[in-house]
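This report refers to the structure that appears directly beneath it.
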């Protein structure tokens with residue numbers, strides 16, 4: 001493919017520029033509102049595309065998709081309320097750094113990382129579209145099951161100093177994910193007769209309850225506390241030295257996100273957690289994570305925006321939407337009378353190349369517009385807790401209710417929040433619960449399909465070539481986790497010996 005053989009003037013028409021700029025602003029706004037996110041944003045803006053030409057129509061939706069993933073980090077960092085599921089990993093270190101008096105810096109790390117992740121995802125989309133799609137299409141249920149297990153072991157092994165409590169947290173998250181209708185048998189599980197639980201526990205209610213409501217309960221301990229007093233700490237910028245310190249994590253997150261995004265059914269949420277746990281695993285100071293470590297912001301933010309470019313690969317090449325957001329974008333292509341698949345690169349060459357380049361322009365627009373609008377959010381942290389708590393609760397309740405229009409989900413969020421507060425006090429791992437909750441349906445469905453496909457033969461997980469590669473990675477990660485915990489124990493013994 002010669003992506004440079006494209007008439008770039010098509011991107012600088014009034015329609016195309018309007019689509020990119022409006023999509024960027026709308027995406028940032030939607031992403032920052034808890035409970036909405038990229039899929040809802042794309043669905044809301046879809047009717048606007050009916051009157052546009054094909055290229056501006058798709059660029060509008062792609063810009064919303066890209067910018068909503070970054071926008072989710074804004075409320076995560078400033079309020080402790082995850083705007084999107086993918087922004088939950090960012091919250092772990094973004095909120096503590098903001099609460100230390102540097103919200104602008106935390107948002108600067110997020111914006112810079114998201115931009116680079118988006119650019120890397122765009123470059124991968126342009127150059128590796130067909131090879132990556134060919135690999136992704138060979139992944140079956142056994143591979144997705146093993147990838148899910150890799151994710152659970154990674155976060156369970158690294159998210160807490162207490163391994164038993166981490167893995168109990170994983171089991172609790174898996175249990176939460178099983179509530180509702182069994183998709184393979186149609187029977188209700190753990191619903192206790194409640195019709196509201198037939199569709200399962202709302203992901204938005206769990207995310208917001210576990211992080212926002214529990215955080216409010218901790219904030220009640222000091223109502224007079226003010227997190228930021230100096231106005232210079234509100235500026236969304238990082239120094240060259242600070243950028244160099246997180247660059248490695250940004251690149252790791254970008255490539256992890258791009259690859260995970262290509263795999264149908266995973267997307268930005270798992271991608272951000274995989275990136276976070278990998279950067280923490282390979283860090284020389286893993287104990288700093290969860291306390292405002294910049295690398296803990298950079299990696300997941302690069303990953304969730306890298307995943308956007310990755311998710312477009314199977315959509316454009318095979319016509320397979322790998323996430324709810326790309327399913328809506330597929331609908332926009334069909335409305336325009338365009339059938340996606342391998343032949344689209346011949347029949348609609350200019351459109352595909354225009355999407356490639358427009359995606360990169362939208363990413364740059366996200367950085368420029370984000371630079372001038374994001375810092376306004378940081379001003380919220382200049383308020384004292386007794387003012388900030390009602391704001392967070394209001395945003396939280398509106399976000400949960402807006403996601404489903406069901407008051408039951410608000411009560412679920414409150415109950416989860418109280419439970420999370422207790423679990424956090426007891427040093428259980430909230431990240432382990434969340435990732436298990438997100439991956440649970442993928443793991444269960446993939447496992448049961450694999451068993452059904454093989455007639456009950458468990459060797460299906462070990463005999464396929466891609467499965468063997470994933471198992472090899474899994475073994476290496478287990479060894480790395482064991483060595484890491486051994487080092488931490490040795491270090492602790494040395495410190496105790498010195499102290500005595």
Checklist outcome for this item: Highest mean packing first, using Cβ neighbours within 10 angstrom, the peptides 441-454, 241-254 sort as 241-254, 441-454
Next on the checklist: Using 0.36 nm times the number of residues separating residue 48 and residue 379, minus their current alpha carbon distance, what extension gain do you get?
Outcome noted: 115.9 nm
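Relative contact order for the chain using alpha-carbon pairs under 8 Å, separation at least 6, rounded to a whole percent?
Working: 941 pairs, mean separation 135.7, N = 500.
Once divided by the residue count of the chain, the mean separation gives 27 percent.
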Checklist entry - Roughly what would the spin-label model give for residue 178 and residue 459, points 7 Å off Cα along C-beta, in nm? => result 2.9 nm
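Using packing as a proxy for protection, rank 266-278, 53-65 so that the peptide with the highest average count of other Cβ atoms within 10 Å comes first. Show your work: numbers first, answer last.
Values: 266-278: 29.4, 53-65: 26.2.
So the order, starting with the most tightly packed, is 266-278, 53-65.
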Checklist entry - What is the distance, in nm, between label points placed 7 Å from the Cα along the Cα-to-Cβ direction at residue 247 and at residue 222? => result 3.6 nm
Item to check | For the chain, alpha-carbon Rg and Dmax in angstrom | outcome: 22.1, 75
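Starting with the highest mean, order 208-217, 168-177 by the number of other Cβ atoms within 10 Å, averaged over the residues of each peptide.
Numbers: 208-217: 25.1, 168-177: 20.2.
Those peptides, ordered most packed to least, come out 208-217, 168-177.
Read the figures in this text as sums done on the coordinates, not as results from a lab. Keep in mind it's a predicted model, so treat the numbers as computed, not measured. Ideal geometry is used to build each Cβ from the backbone, glycine not excepted, and the neighbour counts take in all protein chains shown.
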